[in-house]
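> The structure is given below, and queries will be raised subsequently.
The values are calculated or read from the model by the stated rules, or taken from the named source; none is laboratory data. Predicted, not measured: the structure shown is a model, and the values here were computed from it. Note that we place each Cβ from the backbone using ideal geometry, even for glycine, and neighbour counts take in every protein chain shown.
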Amino acid sequence: MGTNQQIKNIIKMETTLKTDTNIKTVKLYRQNFYTQPVVLIDGITRTGKTMLSPILTSLENVELHRIETNFDRIPRLYKLKKITRDAAVACLRLEMETKLYESMISRSINFRWSDNTGVFNQIKPLRYLKRLFAPEGDVVVEKILKEKPIFQVQTHDVLGINGIYFDAFGNSLRIIEMLRHPVDSIYGNCQRGYGKRESNDPRIFSLNILHGKKLVPWYCYGWEDEYIACESPTDKVIKMCAVRLRRMWKGYESLSDKQKKQVLFIAFDKFATNPEPDVQKMENFIGRKRTKLLHKALTKGRVPRIIKSEEREKKEQDIRSKASSECITIMEDLVKEYEERVKSIYG
C-alpha cells in the first residue's frame with residue numbers, strides 16, 4: 001500500500017473513531033529501584049555521540065553504549081500530549097531497569113560484528129560473552145545493587161524536552177550533551193539523506209506528524225507549513241538543525257541551577273583534538289574513574305585526531321551551493337552562536 005493511500009486511511013479512521021468515555025482512569029507508577037547515575041549521551045543527529053559513548057564505557061563500571069529508540073520516543077509522545085505524565089515516567093523507568101538487567105546477562109545485546117553498538121566494537125567484548133552463561137534472577141538484582149553499574153544510552157533532542165527525564169530519574173540523571181560545528185552537523189545530515197527520507201524511508205525509525213495530507217518529522221511540530229514550503233532538502237536540514245538547537249538551549253536555560261549541574265556539554269572538536277580535559281570532567285560528572293581501557297577506547301575512536309579546516313570549508317561550500325540565501329544566513333547565525341557557546345563553556 002502506498003504512502004498516500006495509508007494517509008487517506010488514517011484520515012478516514014480518525015473521522016470514525018469515538019472516544020470510549022467508559023474507560024476507567026488509572027494512574028501508572030514504577031518506583032526507582034536503583035540510585036546510581038543514568039547517563040544520556042544526547043544531541044541532535046550527527047554530533048559525534050557514537051565517538052564519545054564507547055570512551056565513556058572505559059570508566060569504572062559503565063555499561064556498553066546502546067541505542068534504544070524508546071528512550072527517544074517516550075518523551076516525544078509526552079511532549080506531543082499523546083501519553084500522560086505518569087505513563088511516560090513509568091515507562092522510562094521500566095525501560096532503563098529492563099535494559100540494565102538484560103545487559104547484566106547479555107540478553108538483547110547486539111552481537112552484530114559490523115555495528116557500532118555491537119559487542120565486538122566495544123572495548124569489553126569478553127565481559128558480555130561471559131554474561132551469556134551467567135545465572136539470571138534475583139542474583140542479578142543483588143549484583144546491580146552491590147556494584148551499581150551505570151546505564152548509558154544515546155538519545156536525540158532530550159535536553160530540549162528534558163522535564164519528563166528529570167521527573168523519572170531526579171538526582172540520578174546525567175545528560176552529556178554533544179555540541180558540533182553546525183557546518184559539520186548540517187553536512188552530515190544532508191549526506192544521510194535527511195530532508196527527503198523522513199516520510200518515505202522504512203529505515204527511518206522516527207515519528208512523523210500527519211499535517212493535513214502530508215507527513216513531516218516530529219520535530220516540525222509548530223512549524224509544519226514552513227518545513228513543507230522549504231525549497232530544497234538542504235534548506236529543510238538547515239532549518240531542522242536551527243529549530244532543534246534552539247529548543248535544546250531553551251530547554252537547558254529552563255533548568256534550575258541544581259539541574260544545570262546534571263548537564264555536561266562536550267564539544268566534538270575540543271574532545272577529538274584534546275580529550276584529557278573532558279575525560280576528567282566526565283570522571284567527576286558521573287563519579288567514576290578511568291580504567292586502563294581508556295587508551296584502547298581512545299585509539300578505537302581515533303582520538304586525538306587532527307580536524308582539518310579545509311575539509312570544513314569544502315563542506316560549507318557544498319551547503320552554500322544548495323541552500324537558499326535565507327538558510328545560508330541561518331547557518332551563519334548558527335556558526336556564530338556555536339562559537340560563542342563553546343568559548344563560554346571552555347574559556
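> Conditions: (1) closer than 27 Å to L126 by Cα; (2) in contact (Cβ under 8 Å) with a residue 60 or more places away in the chain; (3) hydroxyl-bearing (S, T, Y). T299 meets all but one. Number of the miss?
(2)
> For the stretch 139-244, please list each of the helices (runs of 4 or more DSSP H) lying entirely inside it that holds at least 2 residues being over 30 Å from M104 (Cα atoms) and out of contact with any Asp or Glu (no Cβ under 9 Å at 6 or more places or on another chain). I'd like the intermediate steps shown before the answer.
Details: elements: 163-169, 182-191, 224-228.
Passing ranges, in order: 182-191, 224-228.
> While we're on this one: Pick out the one residue from K336, K314 that is without any contact (Cβ under 8 Å) to a residue 40 or more places away in the chain, part of a helix (DSSP H, G or I) and within 16 Å of A242 (Cβ to Cβ). Working first, answer last.
Numbers: K314 fails: within 16 Å of A242 (Cβ to Cβ).
None of the other options fit; the residue is K336.
> With (1) modelled with pLDDT of 95 or more; (2) farther than 28 Å from K250 by Cα; (3) aliphatic (A, V, I, L, M) as the list, and L179 as the residue in question, which single condition is left unmet?
Here L179 meets the rest and fails (2).
> Tell me, please, whether a residue that is part of a helix (DSSP H, G or I), farther than 22 Å from V119 by Cα and not small (G, A, S) can be found in the stretch 289-298. Walk me through it before giving the result.
The first filter runs over the stretch 289-298 and keeps only residues part of a helix (DSSP H, G or I), leaving 294-298.
Right, trim to farther than 22 Å from V119 by Cα and you get none.
So far as the stretch 289-298 goes, no, none of its residues is part of a helix (DSSP H, G or I), farther than 22 Å from V119 by Cα and not small (G, A, S).
> Have a look at I123, I83, I109, I55 and point out the one that is outside any helix (DSSP H, G or I), modelled with pLDDT of 95 or more and of a type outside the set (S, T, N, Q). It would help to see each step written out before you state the result.
Numbers: I123 fails: modelled with pLDDT of 95 or more; I109 fails: modelled with pLDDT of 95 or more; I55 fails: outside any helix (DSSP H, G or I).
I83 is the lone residue from the list that is outside any helix (DSSP H, G or I), modelled with pLDDT of 95 or more and of a type outside the set (S, T, N, Q).
> Next up: Quick check on this structure: which one of L52, L80 is buried (at least 21 other Cβ atoms within 10 Å of the Cβ), within 22 Å of the chain's Cα centre (by Cα), under 19 Å from M248 (Cβ atoms) and touching a residue at least 60 places away in the same chain (Cβ under 8 Å)?
On the way: L80 fails: buried (at least 21 other Cβ atoms within 10 Å of the Cβ).
Sole residue among the options that is buried (at least 21 other Cβ atoms within 10 Å of the Cβ), within 22 Å of the chain's Cα centre (by Cα), under 19 Å from M248 (Cβ atoms) and touching a residue at least 60 places away in the same chain (Cβ under 8 Å): L52.
> Among the numbered criteria (1) exposed (fewer than 13 other Cβ atoms within 10 Å of the Cβ); (2) touching a residue at least 60 places away in the same chain (Cβ under 8 Å), which one does L294 miss?
If we test L294 against (1) exposed (fewer than 13 other Cβ atoms within 10 Å of the Cβ); (2) touching a residue at least 60 places away in the same chain (Cβ under 8 Å), just (1) comes out false.
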